[in-house]
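Some notes on the structure that comes next.
The values are calculated or read from the model by the stated rules, or taken from the named source; none is laboratory data. Quantities reported herein were computed from a predicted structural model and do not represent experimental measurements. Every residue, glycine as well, gets a Cβ built from its backbone with ideal geometry; the counts of neighbours run over all protein chains shown.
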C-alpha cells in the first residue's frame, strides 16, 4: 500500500510539474505578447499623429503601415485570448488531477472522503432495497434453476459458486479508521460512487471483495460493482458481476437485486431467453424479496412477453 501510494505521489508530482512548466511557458508568452501590443499601439498613435500633421500631403505609405499595425494587433489579441483559454483549461486539469488523486489515496488508505472533494452528483438509477436474507434457510431463498439456464456466457470464464457458509462480520474496533475496516471502505466506496468517481468506486468495491469476501458487506460490494460496470457501459463485465452476486451471495443483502439486474442486463443485450428464465424464476428464487423489486420483475416479464 505504501509503495502504491508513493508511486501515485511520484506520478502526480511529475504530471503537475509538467503542467506547471507548460503554464509557465504560456504565462511568459502572454507577457511578451502584451508588451508587443503596447509597442504596436504606441507606433499606431505616432503614425496617426504624423498623418494628421501631414494631412495636406496624404502619405499612402504611412496609411499602409497603420493598417498593418492594426492587423498585427488583432492577430496578437487573438493569440492572447487563445493562451488565456489554454491556461484556464490547464489549471482546471491540474485541479481535477489533484482532486482525483486525493480521492484515490483516501480510498486506498481507508480514510473518509471530505465532502468538499465530491464531484457534482449525477442522477442515479433507482436502487432496490432487498430485505436482509443473511443466514436464511435454502427453503426461504429457493433453489429452482437447474441445468444450463445460467450457463457461462460466450467468452466468459465460469465462476463456481462458493460453498455455502455462514457470513461472519469481521470484528471492528469502534471509531477506528484504517485500510482494514470494511465498513469504512464500503462507506468510502459508496461515497465515491454517489459523487461520480466511478473508477475510484470500482477500485474500492473490488478491494472489499478481495480482502473480505465473507463479510456481510461483500454482497453489497458485489452488487454495486455490477452497477459500476453498468455506468461504464461495460455490459459484459456487468453480467459477470451480477451473476457472481447471485451465485456467491444468494442469501446476502443484495442477492435478489443481483439476480434481477442480471436479468435486466440479458434483456439489454437482446438475450430474451435467458432474461425470461430469470424473471420467470424470480418469485421462486426469492419469495421474500422486496415488493418493489418484484414489481420491476413483473414489468420486465410483461415487456418481454415472457411465458
Item to check | Every pair of residues 6+ apart whose Cβ atoms lie under 7 Å, when the first sits in segment 31-45 and is more than 13 Å from residue 72 (Cα to Cα) and not assigned by TED's automatic domain parsing to the domain that holds residue 71 while the second is modelled with pLDDT under 70 and assigned to a helix (DSSP H, G or I) | outcome: none
Next on the checklist: Consider segment 175-189. How many of its residues are touching a helix residue (DSSP H, G or I) at 6+ places or on another chain (Cβ under 7 Å) and part of a helix (DSSP H, G or I)?
Outcome noted: 5
Checklist entry - When you scan segment 198-295 for helices (runs of 4 or more DSSP H) that lie fully inside it, which ones turn up with 2 or more residues that are farther than 25 Å from residue 184 by Cβ? => result 235-248, 255-268, 272-285
Next on the checklist: Condition first: in the same structural domain as residue 261 (by TED's automatic domain parsing), crowded, with 18+ Cβ neighbours inside 10 Å and more than 14 Å from the chain's Cα centre (by Cα). Can you find one or more residues in segment 192-208 that meet it?
Outcome noted: yes
Item to check | Residue check, residue 57 modelled with pLDDT of 65 or more, farther than 30 Å from residue 211 by Cα, out of contact with any helix residue (DSSP H, G or I) (no Cβ under 8 Å at 6 or more places or on another chain) and not assigned by TED's automatic domain parsing to the domain that holds residue 205 | outcome: no
Next on the checklist: Being under 30 Å from residue 181 (Cα atoms) and surrounded by fewer than 19 Cβ atoms within 10 Å (Cβ to Cβ) is the requirement here; does residue 270 meet it?
Outcome noted: no
